[in-house]
Structure formats: structure tokens, C-alpha cells
Amino acid sequence: MSGVDVQVNRERCVGAGMCALTAPEVFTQDDDGFSEVRPGGTAATAGHPLVRDAARACPVGAVTLTDD
């Protein structure tokens, strides 16, 4: 899954936390409860086996995966 950019649309995110529950090594929630990709950048985390599951788990589609 190299060449994939992982992003969280903070305007769409409602803070359900499904991505952070599904792939806690990749996603976290900020102090306001909104999801974000963990520090370290998306290149290092895009290959994580649960990234696609986390994107599908988001109830509002705020997690996107884009091929570079």
C-alpha cells in the first residue's frame, strides 16, 4: 500500500473515534475529540494493515486514502 496518502477531513470529522479505535497506531484524537493522523506523517502509516478498515469505519467518511 505504498504511495497512499492518509488524511482526516477535520471539517467533516464528528469525533466518533472509530478510526482511532480501529487503528490506534495510526490515528489519535486531539484535545477536542477530533481525529487526526498520528505524528510521523502519512507515509510511515499508510502501509498499516488496518488503515483501510479505519477509513471504512468512519461514519461520516472523514478519513480518506489517496494514491499518490
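General observations
- Residue that is nearest to A55 (Cα to Cα), among those in region 9-39 that are in a helix (DSSP H, G or I) and open to solvent by less than 100 Å² (accessible area, probe 1.4 Å): C19
- Within region 27-40, the residues that satisfy the criterion of being touching a strand residue (DSSP E or B) at 6+ places or on another chain (Cβ under 9 Å) and modelled with pLDDT under 90 are R38, P39.
- In region 53-67, the residues that are in contact (Cβ under 8 Å) with a residue 12 or more places away in the chain and closer than 16 Å to D5 by Cβ form Cβ pairs under 6 Å with partners that are of a type in the set (K, R) and open to solvent by 60 Å² or more (accessible area, probe 1.4 Å), at six or more places apart or across chains, as follows: A62/R12.
- Unmet requirement for T66, which otherwise passes all of (1) in a strand (DSSP E or B); (2) over 10 Å from the mean Cα position of the chain (by Cα); (3) at pLDDT 90 or above: (3)
The values are calculated or read from the model by the stated rules, or taken from the named source; none is laboratory data. Since we're looking at a predicted model, the values are computed, not measured. Backbone-built Cβ (ideal geometry, glycine too); neighbour counts: all protein chains shown. SASA here: full protein model, heavy atoms, side chains in, ligands and nucleic acids out. Shrake-Rupley method; radii C 1.70, N 1.55, O 1.52, S 1.80 Å.
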